[in-house]
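Submitted below is the structure of interest, expressed as structure tokens.
The values are calculated or read from the model by the stated rules, or taken from the named source; none is laboratory data. Everything numeric here is computed off the predicted structure, so don't read it as measured data. Cβ placement follows ideal geometry from the backbone for every residue including glycine, while neighbour counts extend to all protein chains displayed.
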Amino acid sequence: MTETVKALRIQLMKPSATFAVPWYSIGIAIAICTALFAVIGGEVSYSNRTTGALAAFYLSGVGVQPWLATQLFPFSTALSITRRAFVRATVLLVTAETVLAGLGLALLNKIEIGTHGWFVHMRLLNLPYVHQDDYFTQALVYGVPMMALTSVTALLGAIFRLFGQLGLWLFFMALGAVSATVAAVLVLTHSLGHIAHFFGRQPMLADFALYPMVLVVVCGTAWAALMLRSRV
Amino acid sequence: MSAVVVEDLTMRYRGHTALDGVGLTLEKDTIHGLLGRNGAGKTTLMRILTGQEFESSGRVEVFGQPPRENSAVLSRVCFIREAQRYPQNFKVREAFAAAAIACPGWDQAYADRLVKDFELPLKRQIKKLSRGQLSAVGIIIGLAARAPLTLFDEPYLGLDAVARHLFYDRLLEDFSEHPRTIVLSTHLIDEVADLVEHVVLIDHGKVLMDAEADELRGRAVSVSGPAEAVAAYVDGLPVLHRSELGGRVRVAVTRRPDGSGQTDPRAAGVSVESLSLQELIVLTTKQGDPK
């Protein structure tokens, strides 16, 4: 455990790189959108005052895991941190990020609701298709997709670490081929409608927490397996 | 107990044999020179010793245990590589802070002193450092970590002669106060000849030489003079190299360990000079080349 804590402390040496970027992004997004809607005033109806700026929160963090895999990992191993300790520390870091993202965004959502859309009737977090009445369920809906995106980028970072650009290219080619095959089979068997119907009937919590969690498990397991056999 | 024991170590990747049945022992509290040409297998050996690479076969023990994913061993090891990668957005002081977290023997006061010696800008980002300054970061981490096994793989890329000698001075100074096992891989053999106590020469993945430096220093000589006189003088001795210019011949030979059978050079009409460690290494390596 001591080794894991050491690895985690090294990963946390640059909180601006590991933790803070999505929060800067959402802060800036709120400020810009609030200013815009304040300037626009009441010219736009409430139904048209919904923004997609929440995506900034998720997308701005995609560089963190590749940075960990390609830069911090070789440095940590030079300092004799084991691969296992590095992997455990990263799992702890991602879990903490997810909890913070979920609870933080849910809190901002409460503020948005309480201030009638940041005083300008804007919908940035309180989006109709992710709304949950319970605070912790709302935190799950915000947090788990963050974890899923992180685990996907972590896997891509690990593939790049082990196999370089060619490996990454082959991975995308293989993924594209598999996706195209699955799509073709679904179209040919007239199953596409059934699949869409199935996901459409699922509760929101399943779409935003359960299925992303499956992605977390799949990508996270593949990432850990690659990192543990990674040469430095 | 030795610091490192390697037996029949082989490392193959993609059809290439980087290490081929290597066996060696590195004693504790000694400065070992790991010498050899580019691509000889030195870095691969050090990567395996520090758990960064996985051997194909053979036995590797560091402080009596396999190093692979073994935190009990690795916490006593520090490996500074030639092209050591640092997080580009780290500042120099953050790299040292990370080393202080990871290395149980880290000496901050000593690190501060080395920072002054090498005139490193602590607040500058790693990506803005020159090649020599990057090497200085590695050297400071390697020395201030005071790891019981410290490995330097060509640590002075881009450092000028003054800075390299500063490194040698500080290494020797600190080693005398805090003895530990140091493995120094280098091409600058003449510069480290007086520093290393034990020499391992690797070429084409095999150990060509494994001996105490003192023993090697007197092992080989260059005999020059008229061809017949030289031939008579070196008769029966293993010849490392022979060159001829006009009627004069220069032959590098290995002395008999006991020094027996050697006549007075002046009486034999030849002149004899000791070979430097670098000359001995070069000639031994060349001898191993396929003809």
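Among the residues of region B:70-85, which ones are over 14 Å from residue A:7 (Cα atoms) and more than 23 Å from the chain's Cα centre (by Cα)? Can you show your working first?
Here is the first cut: in region B:70-85, the ones over 14 Å from residue A:7 (Cα atoms) are B:70, B:72-73, B:76-85.
Passing the criteria: B:70, B:72.
Test residue B:144 against the stated conditions and say whether it is crowded, with 23+ Cβ neighbours inside 10 Å and over 26 Å from residue B:202 (Cβ atoms).
Values: crowded, with 23+ Cβ neighbours inside 10 Å: yes; over 26 Å from residue B:202 (Cβ atoms): yes.
When the stated conditions are applied, residue B:144 passes them.
Residues of region B:1-38 being closer than 27 Å to residue B:191 by Cβ and in a loop (DSSP other than H, G, I, E, B), which ones? Give the steps one after another, and end with the answer.
Going residue by residue through region B:1-38, those that are closer than 27 Å to residue B:191 by Cβ are B:2-4, B:6, B:18-19, B:22, B:24-38.
The answer is B:2, B:3, B:27, B:28, B:29, B:30, B:36, B:37, B:38.
Tally the residues that are in contact (Cβ under 8 Å) with a residue 60 or more places away in the chain and within 13 Å of another protein chain (Cβ to nearest Cβ), restricting the search to region B:140-161. Even if it seems obvious, please write down each step before you answer.
Initial filter on region B:140-161 (in contact (Cβ under 8 Å) with a residue 60 or more places away in the chain): B:141-142, B:145, B:147-155, B:157.
Next, from what is left, pick out any that are within 13 Å of another protein chain (Cβ to nearest Cβ): B:141-142, B:145, B:147-153, B:155.
Number satisfying all stated conditions: 11.
Filter region B:33-54 down to the residues that are touching a residue at least 40 places away in the same chain (Cβ under 8 Å), within 18 Å of residue B:182 (Cβ to Cβ) and among the basic types (Lys, Arg) and list them by number.
Passing the criteria: only B:42.
Answer yes or no as to whether residue A:25 is touching a Ser or Thr at 6+ places or on another chain (Cβ under 7 Å), away from chain B (no Cβ under 14 Å) and surrounded by fewer than 21 Cβ atoms within 10 Å (Cβ to Cβ).
Working: touching a Ser or Thr at 6+ places or on another chain (Cβ under 7 Å): yes; away from chain B (no Cβ under 14 Å): yes; surrounded by fewer than 21 Cβ atoms within 10 Å (Cβ to Cβ): yes.
Answer is yes for this residue.
On to the next question. Counting residues that are within 14 Å of chain B (Cβ to nearest Cβ), more than 20 Å from residue A:92 (Cα to Cα) and in contact (Cβ under 8 Å) with a residue 40 or more places away in the chain, which helices (runs of 4 or more DSSP H) fully inside region A:134-232 reach at least 1?
Numbers: elements: A:135-188, A:192-201, A:211-228.
Helices (runs of 4 or more DSSP H) meeting the threshold: A:135-188.
From A:87, A:64, grab the single residue that is within 14 Å of another protein chain (Cβ to nearest Cβ), modelled with pLDDT under 90 and buried (at least 18 other Cβ atoms within 10 Å of the Cβ). Walk me through it before giving the result.
Working: A:87 fails: modelled with pLDDT under 90.
Being within 14 Å of another protein chain (Cβ to nearest Cβ), modelled with pLDDT under 90 and buried (at least 18 other Cβ atoms within 10 Å of the Cβ) holds for just one of A:87, A:64, which is A:64.
Of everything in region B:85-104, what is within 19 Å of residue B:157 (Cα to Cα) and either small (Gly, Ala, Ser) or at the interface with chain A (Cβ under 7 Å from one of its Cβ atoms) (or both)? Give them in sequence order.
To start, the set of residues in region B:85-104 that are within 19 Å of residue B:157 (Cα to Cα) comprises B:85-88, B:92, B:95.
Matches in region B:85-104: B:85, B:86, B:87, B:88, B:95.
Listed here are the residues, each with its yes/no results for (1) among the hydroxyl-bearing types (Ser, Thr, Tyr); (2) within 21 Å of the chain's Cα centre (by Cα); (3) closer than 24 Å to residue A:72 by Cβ.
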{"residue": "A:149", "(1), (2), (3)": "no, yes, yes"}
{"residue": "A:152", "(1), (2), (3)": "no, yes, yes"}
{"residue": "A:163", "(1), (2), (3)": "no, no, yes"}
{"residue": "A:181", "(1), (2), (3)": "yes, no, no"}
{"residue": "A:186", "(1), (2), (3)": "no, no, no"}
{"residue": "A:201", "(1), (2), (3)": "no, no, no"}
{"residue": "A:221", "(1), (2), (3)": "yes, yes, yes"}
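Tell me yes or no: at least one residue of region B:35-44 is more than 9 Å from chain A (Cβ to nearest Cβ) and exposed (fewer than 15 other Cβ atoms within 10 Å of the Cβ). Working first, answer last.
Just the residues of region B:35-44 that are more than 9 Å from chain A (Cβ to nearest Cβ), to begin with: B:35-44.
With the extra rule that they be exposed (fewer than 15 other Cβ atoms within 10 Å of the Cβ), the set shrinks to B:38-39.
Taking every residue of region B:35-44 in turn, at least one turns out to be more than 9 Å from chain A (Cβ to nearest Cβ) and exposed (fewer than 15 other Cβ atoms within 10 Å of the Cβ).
To continue, here is another question. Based on this model, can you work out whether residue B:54 counts as surrounded by 23 or more Cβ atoms within 10 Å (Cβ to Cβ), farther than 21 Å from residue A:8 by Cβ, in the same structural domain as residue B:123 (by TED's automatic domain parsing) and of a type outside the set (Ser, Thr, Tyr)? Steps first, please.
Numbers: surrounded by 23 or more Cβ atoms within 10 Å (Cβ to Cβ): no; farther than 21 Å from residue A:8 by Cβ: yes; in the same structural domain as residue B:123 (by TED's automatic domain parsing): yes; of a type outside the set (Ser, Thr, Tyr): yes.
No: the conditions fail for residue B:54.
Within the set of pairs 6 or more residues apart or between chains, which connect a residue that is closer than 15 Å to residue B:214 by Cβ inside region B:179-195 to a residue that is assigned to a helix (DSSP H, G or I) with Cβ atoms less than 8 Å apart?
Qualifying pairs under 8 Å: B:192/B:168; B:193/B:213; B:193/B:217; B:193/B:277; B:193/B:278; B:195/B:168; B:195/B:171; B:195/B:172.
Among the candidates A:84, A:49, which residue alone is among the basic types (Lys, Arg) and more than 21 Å from residue A:116 (Cα to Cα)? Give the steps one after another, and end with the answer.
Values: A:49 fails: more than 21 Å from residue A:116 (Cα to Cα).
Being among the basic types (Lys, Arg) and more than 21 Å from residue A:116 (Cα to Cα) holds for just one of A:84, A:49, which is A:84.
Something else about it: For region A:29-46, give me each residue that is surrounded by fewer than 16 Cβ atoms within 10 Å (Cβ to Cβ) and either touching a residue at least 60 places away in the same chain (Cβ under 8 Å) or under 16 Å from residue A:112 (Cβ atoms) (or both). Walk me through it before giving the result.
First, the residues of region A:29-46 that are surrounded by fewer than 16 Cβ atoms within 10 Å (Cβ to Cβ): A:31-32, A:35-36, A:38-46.
Answer for region A:29-46, where residues must be surrounded by fewer than 16 Cβ atoms within 10 Å (Cβ to Cβ) and either touching a residue at least 60 places away in the same chain (Cβ under 8 Å) or under 16 Å from residue A:112 (Cβ atoms) (or both): A:31, A:32, A:35, A:36, A:38, A:46.
Can I ask one more? Within region B:53-64, restricting attention to residues that are assigned to a loop (DSSP other than H, G, I, E, B) and of a type in the set (D, E, K, R), which residue is farthest from the other protein chains (Cβ to nearest Cβ)?
The first filter runs over region B:53-64 and keeps only residues assigned to a loop (DSSP other than H, G, I, E, B), leaving B:53-56, B:63-64.
With of a type in the set (D, E, K, R) added as a condition, the list becomes B:53, B:55.
Numbers: B:53: 6, B:55: 12 Å.
If we take residues in region B:53-64 being assigned to a loop (DSSP other than H, G, I, E, B) and of a type in the set (D, E, K, R), then B:55 is farthest from the other protein chains (Cβ to nearest Cβ).
Could you tell me which residue of region A:88-130 is nearest to the chain's Cα centre (by Cα), considering only residues that are touching a residue at least 60 places away in the same chain (Cβ under 8 Å) and not in a helix (DSSP H, G or I)?
The selected residue is A:125.
Can you say whether residue A:85 is assigned to a helix (DSSP H, G or I) and over 30 Å from residue B:68 (Cβ atoms), as far as the supplied structure shows? Steps first, please.
Details: assigned to a helix (DSSP H, G or I): yes; over 30 Å from residue B:68 (Cβ atoms): no.
In short, no.
Please indicate, with yes or no, whether at least one residue in region A:3-22 is in contact with a Ser or Thr (Cβ under 8 Å, 6 or more places away or on another chain), farther than 29 Å from residue A:168 by Cβ, touching a residue at least 40 places away in the same chain (Cβ under 8 Å) and within 14 Å of another protein chain (Cβ to nearest Cβ).
Looking through region A:3-22, at least one residue is in contact with a Ser or Thr (Cβ under 8 Å, 6 or more places away or on another chain), farther than 29 Å from residue A:168 by Cβ, touching a residue at least 40 places away in the same chain (Cβ under 8 Å) and within 14 Å of another protein chain (Cβ to nearest Cβ).
Which one is nearest to the chain's Cα centre (by Cα) among residues in region B:86-121 that are under 17 Å from residue B:50 (Cβ atoms) and surrounded by fewer than 16 Cβ atoms within 10 Å (Cβ to Cβ)?
Only one residue fits best here, namely B:105.
Is it fair to say residue B:263 is in contact with a Phe, Trp or Tyr (Cβ under 9 Å, 6 or more places away or on another chain), hydroxyl-bearing (Ser, Thr, Tyr) and not assigned by TED's automatic domain parsing to the domain that holds residue B:42?
On the way: in contact with a Phe, Trp or Tyr (Cβ under 9 Å, 6 or more places away or on another chain): yes; hydroxyl-bearing (Ser, Thr, Tyr): yes; not assigned by TED's automatic domain parsing to the domain that holds residue B:42: yes.
So residue B:263 fits the description; yes.
Let me ask something else. Check every one of the helices (runs of 4 or more DSSP H) wholly within region A:1-69 and list those with 1 or more residues that are under 30 Å from residue A:120 (Cα atoms). Walk me through it before giving the result.
Numbers: elements: A:2-11, A:21-40, A:54-59, A:64-67.
Those helices (runs of 4 or more DSSP H) span A:21-40, A:54-59.
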